[in-house]
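The values are calculated or read from the model by the stated rules, or taken from the named source; none is laboratory data. What you see is a predicted model; the values in this text were computed from it and never measured. Methodologically, a virtual Cβ is constructed for each residue, glycine included, from the backbone with ideal geometry; neighbour enumeration extends over all protein chains shown. The accessibility values were calculated without ligands, DNA or RNA, using every heavy atom of the protein model including side chains. Shrake-Rupley method; radii C 1.70, N 1.55, O 1.52, S 1.80 Å.
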Amino acid sequence: MNFIVCIKQVPATTDVKIDSNTNTLKREGVESIINPFDEYAIEEAVRLKERTGGKVTVITMGPPQAENALREALSRGCDEGILVSDRAFAGADTLATSYTLAQTIRKIGEFDVIICGKQASDGDTAQVGPGVAEKLNIPHIAYVGKVEDIKPGTMKVQRMMEDGHDIFDVSLPALITVVKEINNPRLPSLKGMIFSKKAVIKKWTAADISADADKIGLSGSPTQVMKIFYPPARQGGEKLTGEPQDQAAALVSKMKELKLI
Amino acid sequence: MDYFLSEEQKMLVELAKKFAHEKIKPVREEFDEKEEFPWSVIEEFAKTDLAGVYIPAEYGGMGMGVFDLCVVVEELSKIDGSISLSLAATALGTFPILLFGTDDQKKKYLPGIASGKKLAAFGITEPNAGSDAGAIQTSAKKEGDSYILNGTKCFITNAGEAEVYTVIAMTDKTKGPRGASCFIVEKGTPGFTFGKKEKKMGIRSSSTRELIFNNCKIPKENLLAKEGMGFIVAMKTFDASRPGVAAQALGIAAGALDDAVDYSRKRVQFGQPISGFQAIQHILADMATEVEAARALLYATARQYDKDPSARNTKSSAMAKLYASEVAMKTTVNAVQVLGGYGYMREYPMEKRMRDAKITQIYEGTSQIQRNEIAFALIKESARK
Amino acid sequence: MANKIEVLSEKCTGCSLCVKSCPFGAIVLVDRPEHPKKQKLAVIDVAKCNYCGACVDACKRFGAILMLKEEKQKAVDFALYKDVWVYAEQRHGEVSPVAYELLNEGRKLADKLKTHLCAVLLGDKIENQAQDLILHGADKVYVIDNPLLKEFCDDPYAETLAHLIREEKPEIVIMGATNIGRSFASRVAAKIDTGLTADCTALDVDVSTRNLQQTRPAFGGNIMATILTPRHRPQMATVRHKVFKRATRDTSRKGEIVKKNYDFSKLNPGGLDFMNRAKFLQFVADTTAKVNLSEADIIVSGGRGLGKPEGFKLIEELAETIGGAVGASRASVDSGWIPYSHQVGQTGRTVAPKIYIACGISGQIQHLVGMGSSEVIIAINRDPEAPMMKIATFALEGDLYEIIPWIIKEIKKSRGEIEFVK
């Protein structure tokens, strides 16, 4: 069966610090990684391919350096990588991104399942997965924690909810977004790394995917940033000092004062 | 220092390092505490293709050599010298087949090992035959199309967990050292059982047990090379495997050195990081120099071995193993010292390295035996002139 | 005229304020040795620029950056769109708490815009829940009752809401950013080609443009962005549970219930096959979660500073003593010390308890985003400089393995449960 994985290259934000003097982001030396949730998507696609046979194509919309993310995905078991990159995509919000990815997938042709990570660690919107499904007019299930069964034409999945999980039968082709509970991503294999190094990544532009200029990039984005500001810092309070016993006593007495306990 | 690794070798290092940090580091303490065999880690390791790095491609491996195996073992050992041992000891058990096996024997056993899903072990040591390997008592009696094995091996690494065992037994006690032969024995063969798991100072997650042969019947096809070649198989095997032990020791030492340097920069006493005190600096400098020397010796040895495995590699293999293991012990003791109280606490990963390092001076030939080998080789070389 | 942005090189002093202000890393400084005084020049990479205007603001002093945003046509006639809608999420036949919080905020928005607040209720035999929505502020409740809507499923739900939106043309649609809401809103927004902003932490309206100002954390929570959907309607936004306060119930409120009877075989060209592309089979409850983290008033959370998984036993003990739930930082979840369901933070749960006790948690921004609105924050950490210690209401520097047992003793003592001799 044919699987497509949509990934995004993001800054390793856990390392991003704020420069307290200028109240701005320290961006130097922040490396780029595959969006963590996408690692689970890649792993699931590879596992499903191992179950059913077939192929995994990994795609990303991004600047030229996003190619590294695709190569990393190849080293973990994906078969082909496609980078869709164009200046015209700059400033795309989730709707424009969904459209762009959907056009890319249309050009790829036949597929059975599209797998996306739940959300990207920089935008955190979780919107693109469902958006792509809508643009391709296929069903989607978000927050999938387990693929119970898969065969040509249909798939049974668990959708994780706050109070447990719902089980669905979905007809294929379909799209799923996956959460961390679904699997444990493998490391690259040596053969995968060698394959990845030699692989030729397809590079498509807006013209290659027959994209409508009004639907991509900033022009295709209904949402726009009005302003950016730094969140007001929460001010600190009291330091409780002394021996552990004294600190504990002081804390409990404060909590009682404030009628918290 | 730059050792001019090839692109492929750099990939090996990168992958092994990533594996060690992501899959071994989070669980090393737990496996040591529980003295449990790290199957979950081995299963993950199998997916990386690294287990077969030294096995020829035609048998499912990556077709690289002893040097490449060493580089992987070193990287893994930097994080944990105990879990890396399951790979190094498997290599020890596999070399007899690699070096002396027939094509049929290789086809039967190597692919499983190369995939990382099956482990191997080498059995020579007995309760009364350690350094004096010639004193082994385990017998293999030919009976029709089979051999019947009787006897006990002890202190065997990977025992009970491995599928494939290469065992040295006496086929003709009258011939002394020329009466030993090497056999392949599979786990599950009737008459082949394992003793209790030993409780050890270090490498606690490794499984060390007795191999017990009680009228264990194996097909004659399981004989490696010829009858009487047993100790030659063993010696050639050690020439190939000792660099692996050196790599394990080197990794343990290198990991200890890195952590000691990091710690010394963070630990503040008397108003400054202890890395500012000459006492500490000199300890670190000596550690670093010795580790680098051990590495240089090992890499040269391993490269030489791969260039010509059939050449006389005993002296260099022995030197690499001797030096690296001595450095590992010395370095880990000093690293614990640099960490002071924290070095002694089980909560921190340093003391484990000291406990793990000791075995490298003992197994696959004690440091004293290594010195014998080196001296013999020197004397032989001199005599040949 | 397309969007245009440029640096006026004669005005640029190379001070780098714009470089630092750009959240997209689109500006760099280059050398210009030919200039006698101003040795550096800011250069904007148009491919990365999002036209947010942060650099223009940063360069107020020198006015060296000129940005002209393209004047585009509105996609629809705004005069046709009115009312603020709240999606009244229901699960297992009960309206979710977040809906009542959104009604509270929706009421304020509707009042500012001088328009109506409507709730949208989808489900099977769900009409009995409508009245309560009116009592919590809705002027009108649209009810669509159909067996196909019993369990949330993206296709029938999205098709239904899209149809309703096209019929009734709301200006604003807000939903809870729950597992349901985030999937549902995304699909609907893509279906009707409008803008959606997820996980808003604040909403406001500009009465003159009737634009909804959607504020949310961006770039991992390091900065806040206010987002608009200036040319499309409806403007859609999702909001997490506990960001807004729950509306009060007023039994005197009156409102209208509007039932819509849709023929589900005709809502989409694909007919009933379309509605059944995904079939709900069954619900399996999670029996392990004891105290619901999001609802808890007291949370005791453990982080990397615990050093080992056994540390959570101490956290659990304190939580039990004080009657709270157990939370965790991402680091401890990633290390496998505690299940993901306990994770608090940007990729975990957002919580707003009365008391949040952070043990061995440094307070990275991604964690703070998930618990920063807690009333009282207590931090226990060896590192006095940790961000969590700096924002805590009460900061206790020391070894948590020593302090926490004493806290437990002190609490028990204060309840008269134990006596001890000093």
(Q) Please pick out the residue among B:LYS330, B:LYS321, B:LYS352 that is in contact with a helix residue (DSSP H, G or I) (Cβ under 8 Å, 6 or more places away or on another chain), assigned to a helix (DSSP H, G or I) and surrounded by fewer than 21 Cβ atoms within 10 Å (Cβ to Cβ). (A) B:LYS330
Q. Taking the stated definitions as given, is B:GLY101 closer than 21 Å to B:PRO309 by Cα, small (Gly, Ala, Ser) and either surrounded by 17 or more Cβ atoms within 10 Å (Cβ to Cβ) or at pLDDT below 95 (or both)?
A. yes
Q.
Which pairs turn up if I take residues in the range B:273-289 that are buried (at least 17 other Cβ atoms within 10 Å of the Cβ) and look for partners that are in a loop (DSSP other than H, G, I, E, B) with beta carbon separation below 9 Å, at least 6 apart in sequence or on another chain?
A. B:ILE274/B:ARG267; B:ILE274/B:GLY340; B:SER275/B:ARG267
Q) For the range A:78-102, how many residues are surrounded by fewer than 23 Cβ atoms within 10 Å (Cβ to Cβ), more than 13 Å from chain C (Cβ to nearest Cβ) and part of a loop (DSSP other than H, G, I, E, B)? A) 1
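May I ask you to say which residue of B:ILE83, B:ILE55 is more than 19 Å from B:ARG204 (Cα to Cα) and outside the structural domain of B:TYR348 (by TED's automatic domain parsing)?
Result: B:ILE55 is the single residue among B:ILE83, B:ILE55 that is more than 19 Å from B:ARG204 (Cα to Cα) and outside the structural domain of B:TYR348 (by TED's automatic domain parsing).
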Q. What pairs can you find where one residue is in the range A:228-249 and touching a residue at least 60 places away in the same chain (Cβ under 8 Å), the other is open to solvent by 70 Å² or more (accessible area, probe 1.4 Å) and not small (Gly, Ala, Ser), and their Cβ atoms are less than 8 Å apart, with a gap of 6+ or different chains?
A. A:TYR230/A:ASN23
Q: Look at A:GLY153 and say whether it is in contact with a Leu (Cβ under 8 Å, 6 or more places away or on another chain) and at positive phi.
A: yes
(Q) Anything in the range B:225-253 that is in contact with an Asp or Glu (Cβ under 7 Å, 6 or more places away or on another chain) and hydrophobic (A, V, I, L, M, F, W, C)? List them, or say none. (A) B:PHE238, B:VAL245, B:ALA247, B:LEU250, B:ILE252
Q | Inter-residue pairs, beta-carbon under 8 Å, first away from chain A (no Cβ under 14 Å) and among the basic types (Lys, Arg) and in the range C:139-156, second open to solvent by 10 Å² or more (accessible area, probe 1.4 Å) and outside any loop (DSSP other than H, G, I, E, B), 6+ apart | A | C:LYS140/C:GLU256; C:LYS140/C:ILE257; C:LYS140/C:VAL258
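Output the strands (runs of 3 or more DSSP E) that fall wholly within the range A:119-218 and possess 1 or more residues being more than 8 Å from chain C (Cβ to nearest Cβ), or say none.
Those strands (runs of 3 or more DSSP E) span A:140-151, A:154-161, A:174-178, A:202-204.
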Q.
Condition first: at pLDDT below 95, assigned to a strand (DSSP E or B), at negative phi and open to solvent by 20 Å² or more (accessible area, probe 1.4 Å). Can you find one or more residues in the range A:33-54 that meet it?
A. yes
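Could you tell me how many of the residues in the range C:358-367 are outside any helix (DSSP H, G or I) and either free of Cβ contacts under 8 Å to residues at least 40 places away in the same chain or of a type in the set (A, V, I, L, M) (or both)?
Residues that pass the stated criteria total 4.
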Q. Any idea which residue in the range A:103-118 is farthest from the other protein chains (Cβ to nearest Cβ), counting only those that are in a helix (DSSP H, G or I) and buried (at least 21 other Cβ atoms within 10 Å of the Cβ)?
A. A:THR104
Q.
Test of understanding: among C:THR226, C:THR194, C:THR287, which residue is assigned to a strand (DSSP E or B), hydroxyl-bearing (Ser, Thr, Tyr) and either under 13 Å from the mean Cα position of the chain (by Cα) or within 13 Å of another protein chain (Cβ to nearest Cβ) (or both)?
A. C:THR226
**Q.** Residue list for the range C:381-414, filter: open to solvent by less than 60 Å² (accessible area, probe 1.4 Å), in a loop (DSSP other than H, G, I, E, B) and not acidic (Asp, Glu)
**A.** C:PRO384, C:ALA386, C:ALA392, C:THR393, C:GLY398
Q) From the set of residues in the range C:1-42 that are open to solvent by 50 Å² or more (accessible area, probe 1.4 Å) and of a type in the set (A, V, I, L, M), which is farthest from C:LEU66 (Cα to Cα)? A) C:VAL30
Q. Consider C:SER294 against the criteria (1) within 26 Å of the chain's Cα centre (by Cα); (2) closer than 27 Å to B:VAL27 by Cα; (3) in a helix (DSSP H, G or I): it satisfies all of them except one. Which criterion is unmet?
A. (2)
Q) Being under 28 Å from C:TYR142 (Cβ atoms), within 13 Å of chain A (Cβ to nearest Cβ) and free of Cβ contacts under 8 Å to residues at least 12 places away in the same chain, is that true of even one residue in the range C:261-270? A) yes
**Q.** Condition met for B:VAL13 (in a helix (DSSP H, G or I) and under 20 Å from B:THR157 (Cα atoms))
**A.** no
(Q) Against the conditions (1) in contact with a Phe, Trp or Tyr (Cβ under 8 Å, 6 or more places away or on another chain); (2) touching a residue at least 24 places away in the same chain (Cβ under 8 Å); (3) open to solvent by 10 Å² or more (accessible area, probe 1.4 Å), where does B:ALA302 fall short? Just the number, please. (A) (3)
Q. Restricting the search to the range C:201-223, which residues are over 14 Å from the mean Cα position of the chain (by Cα) and assigned to a loop (DSSP other than H, G, I, E, B)?
A. C:VAL207, C:SER208, C:THR209, C:ARG210, C:ASN222
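Out of curiosity, is C:LYS69 over 22 Å from C:PHE184 (Cβ atoms), surrounded by fewer than 16 Cβ atoms within 10 Å (Cβ to Cβ) and among the basic types (Lys, Arg)?
Yes; evaluated as a whole, the condition is true for this residue.
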**Q.** Pairs, first within 10 Å of another protein chain (Cβ to nearest Cβ) and surrounded by fewer than 24 Cβ atoms within 10 Å (Cβ to Cβ) in the range B:44-66, second of a type in the set (Lys, Arg) and assigned to a loop (DSSP other than H, G, I, E, B), C-beta under 8 Å, six or more apart
**A.** B:GLU44/A:ARG186; B:ALA46/B:LYS117; B:LYS47/A:ARG186
(Q) Looking at (1) away from chain A (no Cβ under 14 Å); (2) outside any strand (DSSP E or B); (3) crowded, with 23+ Cβ neighbours inside 10 Å, which one does C:ALA189 not meet, given that it meets all the others? (A) (1)
Q: Mind telling me which of the residues B:LYS175, B:LYS236 ends up being in a helix (DSSP H, G or I), open to solvent by 50 Å² or more (accessible area, probe 1.4 Å), in contact with a Gly (Cβ under 7 Å, 6 or more places away or on another chain) and not assigned by TED's automatic domain parsing to the domain that holds B:ASP32?
A: B:LYS175
Q: Go through the range A:232-252 residue by residue and tally those that are surrounded by 17 or more Cβ atoms within 10 Å (Cβ to Cβ) and either more than 26 Å from C:ASP399 (Cα to Cα) or more than 7 Å from every other protein chain (Cβ to nearest Cβ) (or both).
A: 1
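Answer yes if at least one residue in the range C:338-357 is within 27 Å of C:ALA177 (Cα to Cα), more than 12 Å from chain A (Cβ to nearest Cβ) and part of a strand (DSSP E or B), and no otherwise.
Quick first cut of the range C:338-357, residues within 27 Å of C:ALA177 (Cα to Cα) only: C:338-357.
Add one more test, that the residue is more than 12 Å from chain A (Cβ to nearest Cβ), and what stays is C:338, C:342, C:344, C:351-352.
When the remaining residues are screened for being part of a strand (DSSP E or B), the result is C:344.
Yes: the range C:338-357 contains one or more residues that are within 27 Å of C:ALA177 (Cα to Cα), more than 12 Å from chain A (Cβ to nearest Cβ) and part of a strand (DSSP E or B).
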